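No value in this document is a laboratory result; all are computed from the given coordinates. Quick caveat, the model's predicted, so the values are computed rather than measured. Cβ atoms come from the backbone with ideal geometry, glycine included; neighbour counts cover every protein chain shown.
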Amino acid sequence: MRIFTETHFYIPQNRFSCMKAEEAKKRISELTKQLNQHNYDYYVRSAPVISDYEFDMLMEELIRLEHEYPEYARANSPSKRIGGDLTKEFPTVAHTVPMLSLANTYSEEEIAAFDQRVKKSLGDTVEYVCELKYDGVAISIRYENGEFIRAVTRGDGTKGDDVSANVRTIRSVPLQLHGEFPPVFEIRGEIFLPHAGFKKINIKREAEGDDLFANPRNAASGSLKMQDSKEVARRPLDCIFYNLQGDDLPHNNHYDNLMEAKNWGFKISDYIIRANSIEDIFAFISEMAAERSQLSFDIDGVVIKVNDYTKQEKLGSTAKSPRWAIAYKFMAEQAVTRLLSVTYQVGRTGAVTPVANLDPVLLAGTTVKRASLHNADIIEKLGIREGDMVVVEKGGDIIPKITGVKEELRGKDSKKIQFISHCPECGAVLRKNEGEAIHYCPDEDHCPPQIKGRIEHFISRRAMDIDSLGEGKIEILYDHGLINNAADLYKLKYEDLLGLKKVYEAGEGKKERKVSFREKSSKNIIAGIKASLEIPFERVLFALGIRHVGETVARILARHFGSIDALAKADKESLVSIHEIGERIAESVVKFFNDQNKLELVSKLKEAGVQMEIREEESPAGNILDGKSFVISGTFEDYPRDELKDMIGHYGGKFTSSLSSKTDYLLAGDKAGPAKLENAGKYNIPVIDLDTFLDMIK
Ligand code: IVH
């Protein structure tokens, strides 16, 4: 996925500062057109014609012009794809045409019965359209004169939430149509997360200590309700359209209109056929059932629709669903087996997950022995007891889950599941926050999986990258009492490691005791630990595993504060005042540095020589500019603008592209933008020239 990041930009030189308003307006319009087309080529046609770099250049140019000439910035500018608009509360909007749901069935007989009903009412020649049933979140988008106006969720079918700012960030949703579109219409479709994007999000959430999404649908619907559209823009959501509503649609049937909509810029599935017989319908169903596992996104069935609009109208709708369509849902692959016992796993963040141990059973080609039970509320809701025969399901890529219980098969010796009250690993009394479903072990300093989990995170590739160590070796070192936290790694000596073996608990003794630390691997480990002393501060900050501080946030904090000491002193207010940092992250950072044990860990790491500040070559002059924010306008002989931008960052200042009352200096060169100069006057912002700037950093 092509994700625009503002950080790797080179700003084009000498081009716009002298631009007149009229020229700027024209250029904004050209760029908008080009970027819309490139987005369409990339995300809808999957056939990009320019490189990501060229795309980024055009986008940067547009953003700059829109900052400079906000009067020409459009609500549907392609720059909205990056997000930025915040929605505090999503307004409720009534649907002009209700968003009905579909009648569902799992049986082919019922599809045949549907066909009979339709034919009874319409006569014998009926054309159907068969398409996929996408498993995501329904959305209705209104277009007027080819412009995206509003995107509303299904809600209760009569009214939904206006989630326009978030939907604008979805690259495959056109903001400006092309071709010959009707003046006003609504188009409905499904927003979803492809499997690859879902996995990526969960990997990131795991690294940041956030709860994982159970499936792509939950992730998609959660994303649409986020307040910060910038955050939504980072999620690789996609949208496929399947229904048009309007008075001036070009054709009187569903299929032709969908094909037409493709020409206006919408993403329409390739898996769509016209069917003239029940045999055609069944053939499509079995083809798609076979194809399902190969698709890059989740579907949960096939939808069959009467094609002709006049015929649709004749059939009409019930209160809930149209009589002219039906969904054939694929059965989730299921198996029934016995629940032998429930055990509990404790993760790096202390979250306790109940795990079902099952009598091994074949499901979708693999033998399933364990399944997640998620949390105490779900166990309660399902009413499962140990010893019960339970229903296990596997859908898409997701780990198998228990979805039901065969109460009629319950034996006398079934046992109620008593959710544990104490941590199975360290014995601490578990905690459950009001309104949350998850139990936590609060004793993070003594609970082995939490301790080992934190060390595993510390050494991971994107953190300290000590790849000679891994989960298994960490466990051995911990079990031998050699490490209890990340700082202990730096005390390890070659002699400590050589010859170490896995420690087996009583009863496990028959297993072969293999030496895990031979000469070569022990040497590599010591070398890897030493090399990690060179890992830059921003990755060290990520490695510390502060909750909600992922790689990006760690980088922002590292660059903003420059050192761990400065960060440790920051209070919530100063953290929240940083553009990308929200309350949740700020609270978590403050909590971390209020914890005596964490402070001790930091100081031991520091003693060991781990980078706890940005180094000379990363920021030679430290903090001379003291976090002051600079806007640059105009051109400077010998100093390209991106070099100045780097210098500002180098010396501890902040570069921002648009001027506001919070700007500290306007650095103005030749032909500085009149709008910027005027605004600087209005806000009383000092306007400095290049010499003054160079003096400041001398
Ligand atoms: S047509 C009046 N077509 O299924 C019928 N819906 O239960 C309007 N869905 O809320 C819906 N794929 O979210 C239609 N190809 C498809 C679909 C589809 C998924 C969803 C949609 C709707 C629900 C209906």
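Note on K502: aspartates and glutamates with a C-alpha under 20 Å away, same-chain residues under 8 apart excluded, are E425, E456, D467, E471, E475, D479, D488, E512, E519. Annotation: for a label point projected 7 angstrom from Cα along Cα→Cβ of S269, residues of segment 119-139 with backbone N closer than 19 Å are 127-139. If the Kirkwood radius is taken over C-alpha pairs of segment 330-485, then at 37 °C and 0.692 mPa s the Stokes-Einstein diffusion coefficient equals 188 µm²/s. Sorting 324-334, 98-108 by their mean Cβ neighbour count within 10 Å, with the most densely packed peptide first, gives 324-334, 98-108.
Need one number: % antiparallel among DSSP beta bridges in segment 629-698, to the nearest 5.
Values: 1 of 9 bridges.
Within segment 629-698, antiparallel bridges account for around 10 percent of the total.
Given the Cα-Cα distance of K606 and L212 and 0.36 nm per residue of separation, how much length would full extension add, in nm?
On the way: separation 394, 0.36 × 394 = 141.84 nm, distance 3.23 nm.
Answer, rounded to one decimal: 138.6 nm.
The string of couplings for segment 610-615 from the Karplus curve (6.51, -1.76, 1.60, θ = phi - 60°) is 5, 5, 10, 8, 5, 7 Hz, one whole number per residue in order, with x for Gly and Pro.
Label zone of N145 (point 7 Å out along Cα→Cβ, amide N under 19 Å): in segment 74-118 this covers 74-78.
Taking the beta-carbon count within 10 Å as an exposure proxy, list D496, D256 from fewest neighbours to most.
Numbers: D496 17, D256 14.
The order, fewest Cβ neighbours first, is D256, D496.
Projecting label points 7 angstrom from Cα along Cα→Cβ for R205 and E380 puts them 2.2 nm apart.
Kindly rank 54-60, 192-198 from highest to lowest mean number of other beta carbons found within 10 Å of each residue.
Numbers: 54-60: 18.1, 192-198: 20.7.
Per-residue Cβ counts within 10 Å, averaged per peptide and sorted highest first, yield 192-198, 54-60.
The DSSP beta bridges internal to segment 541-698 are antiparallel in roughly 20% of cases. In this structure, K406 and E127 have a Cβ-Cβ separation that, at R0 = 45 Å, corresponds to a calculated FRET efficiency of about 0.55. Cross-link pairs exceeding 22 Å in C-alpha to C-alpha distance, out of K133/K381; K452/K493; K501/K523, comprise K133/K381.
Report, in debye and to the nearest 20, how large the dipole of segment 12-171 comes out about its Cα centre when Lys and Arg carry +1 and Asp and Glu carry -1 on their Cβ.
420
Under 5 Å between amide hydrogens, built in the peptide plane, is the criterion, and for Y242 it picks out R188, G189, E190 among residues at least 5 positions away or on other chains. Ranked for footprinting exposure by Cβ neighbours inside 10 Å, fewest first, F561, F241 give F241, F561.
Spin-label pair N597-L694: with each label point 7 Å from Cα along the Cα-Cβ axis, the two points sit 5.4 nm from one another.
Gain on full extension, evaluated as 0.36 nm per residue between V49 and V503 minus their Cα-Cα distance, stands at 157.7 nm. One decimal place: the segment I624-S660 gains 10.7 nm when fully extended, by the rule 0.36 nm per residue minus the C-alpha distance. Since only S660, A103, L224 are under comparison, the one whose Cα sits farthest along the positive direction of the charge dipole of the chain, derived from C-beta charges on Lys, Arg, Asp and Glu, is A103. When the Cα gyration tensor is reduced to axis lengths a ≥ b ≥ c, the ratio a/c is 1.5 or higher for segment 574-698, and with a/b not above b/c it is classed as oblate.
Counting only DSSP beta bridges whose two residues both lie in the chain, roughly 90 percent are antiparallel. The alpha carbon radius of gyration of the chain, expressed as a multiple of 2.2 N^0.38 Å, is 1.13. From the alpha carbon centroid of segment 284-340 to that of segment 423-471 is 42 Å. Say the dipole of segment 116-271 comes from +1 at the beta carbon of Lys and Arg and -1 at that of Asp and Glu; which of N145, G157, F181 then lies farthest toward its positive end? So the residue we want is G157.
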